[in-house]
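For reference, the structure is listed below as structure tokens.
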Amino acid sequence: MNVDSVRFQHLLGIEGLSREDLIFLLENSQQFVEVSQRDLKKVPALRGKTIINLFLEPSTRTRASFEIAGKRLSADTINISGSGTSVSKGETLLDTARTLQAMNPDILVVRHRSSGAAHFLSQELTRTAVVNAGDGMHEHPTQALLDCLTLCQHFELAPSELKGKNITIVGDIRHSRVARSNIWAHQLLGNKVTLVGPATLVPHEFADEEAFGGGVRICHTLREGVEGADVVMVLRIQLERQSDNFIPTLEEYTRQYCVTPQVLEGAAPGCVVLHPGPANRGIEISSTLYEGTQSLVEKQVTNGVAVRMATLFLLGSRGRKENV
Ligand code: CP
């Protein structure tokens, strides 16, 4: 795999990537799918490299898959979380990151509750590539990549051919970094994005020209929003934010916006469902749909490893010609 064409030093978001960059990342991710299907799931691509996973917010999928990805590339991976480190004694994010950089890691993967945390570190750290594993309400780029990779597989399309699809995203868009990264990705690929949810959770600014180029449609009823959809992405209702009164009650939200097989009867034939997880079954998505034949949730998780292997490989091999 030739890594000479990697033009970015960090992966901070989908915003700012070119269509070419996005397709390049997806094509590279496709090549790593096969490694995880082998009996011996390891390649020497990042042997001698060090990756630190700094997760200062809870995570199951992203954290586990970055660790597995690093190990399958033969890198030395170290995991750090907030509890049990000097962060819990009050050390700042920057001091923590500089301390870690002093040990010469090649890549720092960061999850943080503050939007812009990964970008901030990328400007302050001089020798370490930064990967955004989710920053506040801002972006979660590798989630969007694994979602797009899953759709390429499902529709049997090359990344450059994943266009003209109707993608409906349902739920708490306001607080969702997954939604933002996916909107940018689908804008670049040439898909049509519809956002669905109550007005409090789907701000009208998302349809503004300045926000995402003006290409996003907003609906406040599920029936209208899923009509003709090829893909319905259901987002988690962030239960930890419900004291902010964005929705009257969970029951009311569920009555209007819970995605079920019946709701999808108005979607395009063959419509599939994505959910980034973790899911609140019976609130934003029915258990039947979550586990049903239209659901690609498990494939999303599997593809998370390939996408993260590609990301780590490309950033860890910059300036080197290498074969996997
Ligand atoms: N989709 C996602 O980011 O899940 P985790 O919070 O479990 O990593």
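Tabulated data
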| quantity | calculated |
| --- | --- |
| From the options LEU73, LEU100, residue that is surrounded by 15 or more Cβ atoms within 10 Å (Cβ to Cβ), in contact (Cβ under 8 Å) with a residue 60 or more places away in the chain and farther than 30 Å from LEU250 by Cα | LEU73 |
| Evaluation of THR96 against (1) at pLDDT 95 or above; (2) within 25 Å of ALA310 (Cβ to Cβ) (one fails), failing number | (2) |
| Qualifying residue in the stretch 161-172 (condition: out of contact with any Cys (no Cβ under 6 Å at 6 or more places or on another chain) and free of Cβ contacts under 8 Å to residues at least 12 places away in the same chain) | yes |
| Members of the stretch 35-55 that are hydrophobic (A, V, I, L, M, F, W, C) and without any contact (Cβ under 8 Å) to a residue 40 or more places away in the chain | LEU40 |
| Sole residue being assigned to a loop (DSSP other than H, G, I, E, B) and touching a Phe, Trp or Tyr at 6+ places or on another chain (Cβ under 7 Å), chosen from ILE183, ILE173, ILE218 | ILE173 |
| Selected residue (criterion: surrounded by the fewest Cβ atoms within 10 Å (Cβ to Cβ)) from residues of the stretch 128-161 that are small (Gly, Ala, Ser) and away from the ligand (no atom under 11 Å from the Cβ) | ALA158 |
| Looking only at the stretch 40-51, and only at residues there that are of a type in the set (Val, Ile, Thr) and in contact with an Asp or Glu (Cβ under 9 Å, 6 or more places away or on another chain), the one that is farthest from the ligand (Cβ to nearest atom) | THR50 |
| Test for SER115: is it surrounded by fewer than 20 Cβ atoms within 10 Å (Cβ to Cβ), of a type in the set (S, T, N, Q) and within 16 Å of the ligand (Cβ to nearest atom) | yes |
| Top-ranked residue in the stretch 229-280 [being within 17 Å of ARG174 (Cα to Cα) and charged (D, E, K, R); ranked as nearest to the ligand (Cβ to nearest atom)] | ARG236 |
| Every residue from the stretch 57-79 that is part of a loop (DSSP other than H, G, I, E, B), in contact with a Ser or Thr (Cβ under 7 Å, 6 or more places away or on another chain) and within 13 Å of the ligand (Cβ to nearest atom) | none |
| 3 or more residues over 29 Å from GLN37 (Cβ atoms): qualifying helices (runs of 4 or more DSSP H) within the stretch 241-324 | 250-257 |
| Residue selected from the stretch 125-150 under the condition part of a loop (DSSP other than H, G, I, E, B) and polar (S, T, N, Q), by the criterion modelled with the lowest pLDDT | THR126 |
| The one condition in (1) buried (at least 24 other Cβ atoms within 10 Å of the Cβ); (2) in a helix (DSSP H, G or I) that SER122 fails to fulfil | (1) |
| Within the stretch 80-97, tally of residues that are away from the ligand (no atom under 13 Å from the Cβ) and either among the hydrophobic types (A, V, I, L, M, F, W, C) or under 13 Å from HIS112 (Cα atoms) (or both) | 8 |
| The stretch 33-58, subset within 15 Å of VAL131 (Cβ to Cβ) and touching a Phe, Trp or Tyr at 6+ places or on another chain (Cβ under 9 Å), residue surrounded by the most Cβ atoms within 10 Å (Cβ to Cβ) | ILE51 |
| Search result, residues across the stretch 163-173 that are surrounded by 21 or more Cβ atoms within 10 Å (Cβ to Cβ) and in contact with a Leu (Cβ under 6 Å, 6 or more places away or on another chain) | ILE169, GLY171, ASP172, ILE173 |
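The values are calculated or read from the model by the stated rules, or taken from the named source; none is laboratory data. Here the structure is a predicted model, which is why all the values come from computation and not from measurement. Note that we place each Cβ from the backbone using ideal geometry, even for glycine, and neighbour counts take in every protein chain shown.
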